[in-house]
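Beneath this line is the structure, given in structure tokens, with notes to follow.
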Amino acid sequence: MGTVPGAVVPPAGMVRPKRFHGTVTLDPTRVGRDAGRIADEVIAHLVGLVRSRVTVTLEIDAEIPSGAPDPVVRTVTENSRTLKFASHGFEAE
């Protein structure tokens, strides 16, 4: 098997890293822009590796001191279900 053009070949005996993990907090008013940059500058490089398996998970944590109004609870709950969130829900505390 030949080498991939542009691939960095480590010196003999050096072990290549096999996993990457990262966590980043995004500005909720700029999620689209920031997520796009992360997709371009990090994720694209990882998914471009032969036989790589990349999982990207978006986690949302919202604290609402005055409590969420019923219309917002209904809308967010329905949208989360429609968008197939693996888990979602509101808590009284």
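Residue check: is L46 exposed (fewer than 11 other Cβ atoms within 10 Å of the Cβ) and either among the β-branched types (V, I, T) or within 22 Å of V24 (Cβ to Cβ) (or both)?
Judged against the criteria, L46 is not a match.
Can you pull out every residue in segment 64-87 that is among the small types (G, A, S) and open to solvent by less than 80 Å² (accessible area, probe 1.4 Å)?
Within segment 64-87, the subset among the small types (G, A, S) is 66-68, 80, 86-87.
Those that are among the small types (G, A, S) and open to solvent by less than 80 Å² (accessible area, probe 1.4 Å): G67, A68, S80.
Are any residues in segment 32-41 open to solvent by 60 Å² or more (accessible area, probe 1.4 Å) and not basic (K, R), and if so, which ones?
Our first condition is that a residue be open to solvent by 60 Å² or more (accessible area, probe 1.4 Å); within segment 32-41, this holds for 32-33, 37, 40-41.
Passing the criteria: G32, D40, E41.
Restricting attention to helices (runs of 4 or more DSSP H) lying wholly within segment 3-93, give those where 1 or more residues are within 13 Å of the chain's Cα centre (by Cα) and without any contact (Cβ under 8 Å) to a residue 40 or more places away in the chain.
Numbers: elements: 31-38, 44-47, 70-82.
In segment 3-93, the matching helices (runs of 4 or more DSSP H) lie at 31-38, 44-47.
The values are calculated or read from the model by the stated rules, or taken from the named source; none is laboratory data. Values in this document were obtained by computation on a predicted structure and should not be read as measured data. Glycine also receives a Cβ, built like all others from the backbone with ideal geometry; neighbour counts cover every protein chain displayed. Heavy atoms of the whole protein, side chains included, go into the accessibility calculation; ligands, DNA and RNA do not. Shrake-Rupley method; radii C 1.70, N 1.55, O 1.52, S 1.80 Å.
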